[in-house]
Structure formats: C-alpha cells, structure tokens
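These notes are about the structure you will find just below.
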Amino acid sequence: MIPGLVLDSYDEADRNAMSDAMDVMVAAFDPVFGEAWTLPQVAGVMMMPGTWLTVARVDATPLGFALVRSVLDECELLLLAVAPLWRGRGIGETLLRDSLTTARRRGILSMNLEVRATNNAVRLYEKAGFEYVHRRPGYYRGKDGQLYDALSFRKDMRI
Ligand SMILES: CC(C)(COP(=O)(O)OP(=O)(O)OC[C@H]1O[C@@H](n2cnc3c(N)ncnc32)[C@H](O)[C@@H]1OP(=O)(O)O)[C@@H](O)C(=O)NCCC(=O)NCCS
C-alpha cells in the first residue's frame, strides 16, 4: 500500500474532484480503445442522484479514481483508473474495494460493470469476486472507428 494514500468520496459534482479525475483519465486510458469519458460526461452523470466519485490522492496529487452510479439496490462501476506511473501498487484494488464498501453501506445488493474484453483489468475484477455475465460485441468504439467487445461482470454483494 502507498503511504499517505487518501480516498475522498464526492456525491456532488465537485469541480476540483472532477478535474483531478480528468487528469488521471487522460493519462490512464489509451485513446485507441475509446474507453475514456469527457469532463461533460462525468459532470452529467454526477448530476444524477446516487452517483459518487472517489479520488485517491497522495499529498493532494490525484493518482486514481472510481466512478459509481446507483439506482435503487443496484449499482454500476462506470470507470476505474490509476495513473500509469502508480500502477501495480494496489491503488486500483483499494478503490474497487472502497466502492464496494460504500455500496454495501448504502444498502446496494449488486455491482455491475463493463470492461473491454482484452483489458487486463478483468483480472482485478475476478480477484474481487466479480462473475462474468455476457459479452457485448462492439461495445467500445476506438479512435480509428474500430469496435471492441466488452465483457459484463456482476458481483452479488449478499454472498
Ligand atoms: C485497471 C487498473 C485500474 C488497475 O490499477 P492498479 O492500481 O494497477 O491495480 P492493483 O495494483 O490494485 O492490482 C490489483 C490486482 O489487479 C490485477 N491486475 C491489475 N493490473 C493488472 C495487469 N496489468 N495485468 C494483470 N493483472 C492485473 C492483479 O490481479 C492485481 O493483483 P496482484 O497484484 O495481487 O496480482 C489500471 O491498470 C488502469 O488504470 N488501467 C487503465 C484504465 C482501465 O482500463 N480501467 C478499467 C476499465 S474502466
């Protein structure tokens, strides 16, 4: 674990938090695959009730973030990212587990997510107990128009 790592969660469309998340977003997602969101997309989803953004920082420097949207007793992990220089040190897993803990505390019973089929993040989700549900062909559209399949995963938090 990273000394001094702090996780802050935001239920409102906090400008600084979204700006920090965008710094990580731009660095973390390869534009080839078309997975990254724009600031207006993040701001739009933050306006919806039941959405929360968690930013991981050390000394106020953003290193990662997670974005979750909930509806009633279900939620979806919309985005999870860690800045490239800080990967492989447990930040992604810490953000994921924190998101699950927050969801449980809110009475949410399941978490869903979509991930590009060729993304190494699949390993992280399986390690955290997510189960494969189905494949969504052509879910992501890359920069050059190429389509990439997504895999849907689900974690039943009652188990
Ligand atoms: C996916 C991502 C968030 C992982 O963050 P991270 O901080 O490097 O992950 P962690 O160090 O917490 O890894 C936890 C576990 O995930 C798995 N994992 C993470 N990255 C992996 C990789 N590149 N290859 C294989 N397994 C990986 C491993 O099982 C690892 O556990 P272990 O170290 O005990 O083997 C990060 O690589 C990232 O930001 N990727 C780009 C954005 C993205 O694709 N996000 C996911 C889709 S929204």
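The values are calculated or read from the model by the stated rules, or taken from the named source; none is laboratory data. Note that the structure is predicted; figures quoted are calculated from it, not measured. Glycine gets a Cβ as well: all are built from the backbone with ideal geometry, and neighbour counts include every protein chain shown. Areas reflect the complete protein model, heavy atoms only, side chains present, ligands, DNA and RNA absent. Shrake-Rupley method; radii C 1.70, N 1.55, O 1.52, S 1.80 Å.
Selection over segment 134-159 of residues that are in a loop (DSSP other than H, G, I, E, B) and either open to solvent by 40 Å² or more (accessible area, probe 1.4 Å) or out of contact with any Leu (no Cβ under 8 Å at 6 or more places or on another chain) (or both) gives a count of 7. Scan segment 7-36 for residues that are within 15 Å of the ligand (Cβ to nearest atom), open to solvent by 60 Å² or more (accessible area, probe 1.4 Å) and either modelled with pLDDT of 95 or more or touching a helix residue (DSSP H, G or I) at 6+ places or on another chain (Cβ under 9 Å) (or both) and the total you get is 2. When residues in segment 39-60 are screened for being open to solvent by 50 Å² or more (accessible area, probe 1.4 Å), away from the ligand (no atom under 15 Å from the Cβ) and free of Cβ contacts under 8 Å to residues at least 40 places away in the same chain, 6 of them pass. Among the residues of segment 97-133, those that are open to solvent by 40 Å² or more (accessible area, probe 1.4 Å), of a type in the set (S, T, N, Q) and over 17 Å from PHE33 (Cβ atoms) comprise THR101, ASN112.
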